[in-house]
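Quick notes on the structure that follows.
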Amino acid sequence: MLIETETTPNPATLKFLPGRLVGGSRTHDFPDPESARISPLARALFALGDVERVFLGADFVTVTRAPGGADWATLRLDVLGVLADHFASGAPCVEGEGAEAETHDNPEDADIVAQIRDLIDTRIRPVVANDGGDIIYRGFDKGVVFLHMQGSCAGCPSSTATLKGGIENLLRHYVPEVTEVRAV
């Protein structure tokens, strides 16, 4: 099985492309081993010991190495082994689905929220996925859009610049009611 790897803007994170579906219809972020209870794949990656975070995208996996752990030259080979074994076994990447986080939007803002969600889904999410991450909408309140960054975007040195310089500017341009974007 050929699994490609790509660097991400976050030097602690590598993106692995197995050439098949991974996360299914939604993304799955596992910031620690305890959160990986629904994912046999994430549990196996955390079992390597030097893994700090696992993110399953539609067709990719990003792995963030722990500070002070093995370097990528060593850890990359271990991750590739776990991925190859997992996909060869036919086991699911995720068992069941985790609960979706609630959003708290004012019903009067439904049209604005629909525009924001559409821009996130069509213009922002595909770009962020190329870097091994995802952006999840969490709410809109009095001009402020709340977003949750996942995968390689979580903890990335350039995430603030992406959020403020890229995403905020795009949303403010197309949706004048947006005044600010904040990470949650």
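Looking at region 103-122 only, could you name the residues that are surrounded by 13 or more Cβ atoms within 10 Å (Cβ to Cβ) and not in a helix (DSSP H, G or I)? Break it down stepwise before answering.
In the first step, residues of region 103-122 are kept if they are surrounded by 13 or more Cβ atoms within 10 Å (Cβ to Cβ); the result is 103, 105, 109, 112-113, 115-117, 119-120.
Those that are surrounded by 13 or more Cβ atoms within 10 Å (Cβ to Cβ) and not in a helix (DSSP H, G or I): 103, 105.
Which of the strands (runs of 3 or more DSSP E) found entirely inside region 1-97 contain at least 1 residues meeting this: crowded, with 16+ Cβ neighbours inside 10 Å and of a type in the set (D, E, K, R)?
Answer list for region 1-97: 13-17, 28-30, 51-56, 61-65.
What is the number of the single condition among (1) at pLDDT below 80; (2) surrounded by fewer than 17 Cβ atoms within 10 Å (Cβ to Cβ); (3) polar (S, T, N, Q) that residue 159 does not meet?
(2)
The values are calculated or read from the model by the stated rules, or taken from the named source; none is laboratory data. Bear in mind the structure is a predicted one, so any value in this text is a computation, not a measurement. Note that each Cβ is placed from the backbone with ideal geometry, even for glycine, and that neighbours are counted across all protein chains shown.
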